[in-house]
Amino acid sequence: MATLEELRGQLDVVDDQIVKLYEERMKICEQVGEYKVEAGRKVFDRVREKEKLQNVASKVSSDFDKKGIQELYQQLMSMSRKLQYQQLVKAGALGRLPFIEIDSLDVEKARVVFQGMEGAYGQAAMKTYFGEDCNSYSVRTFRDAMEAIEEGAADYAVLPIENSTAGAVNEVYDLLVEFENYIVGEVIIPITHTLAGLPGTQLSELKRVYSKAEALMQTTRFLEEHSDWQQISVANTAIAAKKILDDQDRTQAAVCSAYAAKVYGLEVLDDNINDESGNCTRFIIVTNQKVFLKGAKKISICFEVPHESGSLYHLLSHFIYNDLNMSKIESRPIEGRSWEYRFFVDFEGNLEEPGVKNALRGLREESRSLKILGNY
């Protein structure tokens, strides 16, 4: 029986042959790519690849080897496609993406919309990004804000997309797919919740606490210490604060910001009640124009994948092969298609970079659908 060292030596000989054959295969693939560029042919031929996988599987005997050889050839064909996408981009076949690079946003004359009312965290985010004196107004829902910029009633909308404690704001992700609006900026603000009530109110008097569902979630530990209080969800924290003022009921309090408490003449009954001291929310700046700022460093996209094994894995490989750092991925159910999902990805890059164009070309051809949500 051969020793381990002898067996490893045999593997090295076979591996050397595989390496040479791999290089030979990729040279032929490069010629295939040149042909496709000249003929205007698509890189990804799903039918051809399916037939190839069936063919190579038929040439091995065991079930284990059938799965293994198919996985190997899936990788080989994936690498071939990535090479050909690079050839297409170098030949200018990708063309310019339908986004215009601009030097700056016209914020001085812009009209900005935020969801909520005076005292909302959305207003704080808006003022942080656009300045204290920006021309603004508020709407009741996230949908109202998206409709406002789509119809031209506002130039920009400020919407929460993610909280460090509660996670993604799912409704906003869904609206980004539904509307032809695009992200052009982002701002992150700290979220510091207080418990606010009518002046002179004692904690022992309270029976009900109002706030946005996410704010109630972000103050769970504090509220669990007062399990006899009824927790009631409203549209946002500022509405909760205004309700306490309007009702003039000392048994009620709001979880809101100190600024909202001040706006509505409430007293802070307990401060800094967040579960996590570093709680913050990322807000996006959205417009109805396909523009991006020069020097933008983050791209957000969404795509749907075929409902089959390995499809997401192969799509995400486009980031690896183009040296792009993916910073976030979220999934949302696709309406009307049970157990199928749409994926949202943030990655570092600029739409003018060749690597980004390569990756987007591959993602567009190999996914069911792709939408660029913005470069900012």
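The values are calculated or read from the model by the stated rules, or taken from the named source; none is laboratory data. These figures come from a predicted structure and were not determined experimentally. No Cβ is skipped: glycine too gets one built from the backbone with ideal geometry, and neighbour counts run over all protein chains shown. Note: accessible area is taken over every heavy atom of the protein model, side chains too, but ligands, DNA and RNA are not part of it. Shrake-Rupley method; radii C 1.70, N 1.55, O 1.52, S 1.80 Å.
Laid out as a table, the results:
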quantity: Filtered residues of the stretch 326-335 (kept if without any contact (Cβ under 8 Å) to a residue 24 or more places away in the chain and either in a loop (DSSP other than H, G, I, E, B) or not assigned by the TED database to the domain that holds N350 (or both)); calculated: E335
quantity: Inter-residue pairs, beta-carbon under 9 Å, first more than 13 Å from A154 (Cβ to Cβ) and in the stretch 101-115, second open to solvent by less than 90 Å² (accessible area, probe 1.4 Å) and β-branched (V, I, T), 6+ apart; calculated: E101/V291; I102/V184; I102/V291; L105/V184; L105/I285; L105/T287; L105/V291
quantity: Condition met for V13 (in a helix (DSSP H, G or I) and either of a type in the set (V, I, T) or modelled with pLDDT under 95 (or both)); calculated: yes
quantity: Leading residue by the ranking (most open to solvent (accessible area, probe 1.4 Å)) among those in the stretch 52-70 that are out of contact with any Phe, Trp or Tyr (no Cβ under 9 Å at 6 or more places or on another chain) and in contact (Cβ under 8 Å) with a residue 12 or more places away in the chain; calculated: Q70
quantity: Every residue from the stretch 211-256 that is under 12 Å from A196 (Cβ atoms), of a type outside the set (S, T, N, Q) and assigned to a strand (DSSP E or B); calculated: A253, A254, V255, C256
quantity: Condition met for V37 (part of a helix (DSSP H, G or I), open to solvent by less than 70 Å² (accessible area, probe 1.4 Å), touching a helix residue (DSSP H, G or I) at 6+ places or on another chain (Cβ under 9 Å) and at pLDDT 95 or above); calculated: no
quantity: Identity of the residue in the stretch 353-376, in a helix (DSSP H, G or I) and within 18 Å of the chain's Cα centre (by Cα), that ends up surrounded by the most Cβ atoms within 10 Å (Cβ to Cβ); calculated: A359
